[in-house]
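Presented below is the structure to which this report refers.
Every number in this text was worked out from the coordinates using simple rules, so none of it is lab data. Bear in mind that the values here come from a model prediction, so they are computed numbers and not experimental data. As a convention, Cβ positions derive from the backbone with ideal geometry for all residues, glycine included, and neighbour counts pool all protein chains shown.
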Ligand SMILES: [Zn+2]
């Protein structure tokens, strides 16, 4: 099963960087989201392809026409928080207030009920079970925020195989559809979006996909924007990771959509045998 999702934010919504931390920094940059969204819409239209869009509430507030176009084009939306902050850097209360604001904003702009959520940077960790509790409390049915292994910032250890699971937390349950990991030279990597998707030639991506029974993609509007400026404050390594190979993303994704079947979260949810899916206990 291959699931196509996009995180809808602007080119300057870069995490872990003081120069792009929050609203007061974001206001210094010019938006490029409209032109980049058009590229995504065109790819999907040309391939008659469904997808799920996790949207930042701040974007919905500023540019409601973008959210309306996603919905009017027949796509489903989820929340990608309101102010795009790392969950493990927030207090439980800050997280919950932000979640409510994003859900309220996205529901009022889209007219859709918000049932899906993805945290910025897959930042729900073993240390933040309160985030899962808040998601359940506010009506989220499927979470896509877990990075199923340990990594430098956060990650979720003891997840086991990267596949959909039930998360049980404080006696309540939620469906989890995490990012998928793939072994490469002794390391567990994510090839379905971000730096590695752009770094690897398409043949490698194709080969990894054939070997995977669960692929969860994540693309951003900026991934298709080879002309974007670089945000200030990044190390050489992060510059490479953030900007390498941008001009090939569109063609690579198009090849990928041609070679494999991709579905949205709603279809994936219907196909998964949730009755026999394993349960992962948190806290
Ligand atoms: Zn994001």
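General observations
- The set of residues in segment 262-283 being outside any helix (DSSP H, G or I) and either more than 19 Å from residue 41 (Cα to Cα) or more than 19 Å from the chain's Cα centre (by Cα) (or both) consists of 272, 273, 277, 278, 279, 280, 281, 282, 283.
- For residue 53, the conditions (1) within 18 Å of residue 106 (Cβ to Cβ); (2) touching a helix residue (DSSP H, G or I) at 6+ places or on another chain (Cβ under 6 Å); (3) more than 16 Å from the ligand (Cβ to nearest atom) all hold with the exception of (3).
- Condition check for residue 205: touching a helix residue (DSSP H, G or I) at 6+ places or on another chain (Cβ under 6 Å) and crowded, with 18+ Cβ neighbours inside 10 Å: no
- Restricting attention to segment 16-32 and to residues that are in contact (Cβ under 8 Å) with a residue 40 or more places away in the chain and assigned to a loop (DSSP other than H, G, I, E, B), the residue that is surrounded by the fewest Cβ atoms within 10 Å (Cβ to Cβ) turns out to be 22.
- Subset of segment 256-281 [touching a helix residue (DSSP H, G or I) at 6+ places or on another chain (Cβ under 7 Å) and crowded, with 18+ Cβ neighbours inside 10 Å]: 256
- For segment 70-88, a residue qualifies if it is part of a loop (DSSP other than H, G, I, E, B), on the phi < 0 side of the Ramachandran plot and more than 15 Å from the ligand (Cβ to nearest atom), and the qualifying residues are 73, 75.
- Residue among 241, 227 that alone is touching a helix residue (DSSP H, G or I) at 6+ places or on another chain (Cβ under 9 Å), surrounded by fewer than 19 Cβ atoms within 10 Å (Cβ to Cβ) and in a loop (DSSP other than H, G, I, E, B): 227
Conditions (1) within 16 Å of the ligand (Cβ to nearest atom); (2) touching a residue at least 60 places away in the same chain (Cβ under 8 Å); (3) surrounded by 17 or more Cβ atoms within 10 Å (Cβ to Cβ); (4) not in a helix (DSSP H, G or I), marked per residue:
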residue: 14; (1), (2), (3), (4): yes, yes, yes, yes
residue: 34; (1), (2), (3), (4): no, no, no, no
residue: 40; (1), (2), (3), (4): yes, yes, yes, no
residue: 43; (1), (2), (3), (4): no, yes, yes, no
residue: 60; (1), (2), (3), (4): yes, no, yes, no
residue: 65; (1), (2), (3), (4): no, no, no, no
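- All of (1) in contact with a strand residue (DSSP E or B) (Cβ under 9 Å, 6 or more places away or on another chain); (2) away from the ligand (no atom under 16 Å from the Cβ); (3) touching a residue at least 40 places away in the same chain (Cβ under 8 Å) hold for residue 115 with one exception: (3).
- Of all residues in segment 89-110, none are touching a residue at least 60 places away in the same chain (Cβ under 8 Å), in contact with a strand residue (DSSP E or B) (Cβ under 9 Å, 6 or more places away or on another chain), within 16 Å of the ligand (Cβ to nearest atom) and outside any loop (DSSP other than H, G, I, E, B).
- Between 249, 254, 217, the distinction of being over 30 Å from residue 134 (Cα atoms) and touching a strand residue (DSSP E or B) at 6+ places or on another chain (Cβ under 8 Å) belongs to 249 only.
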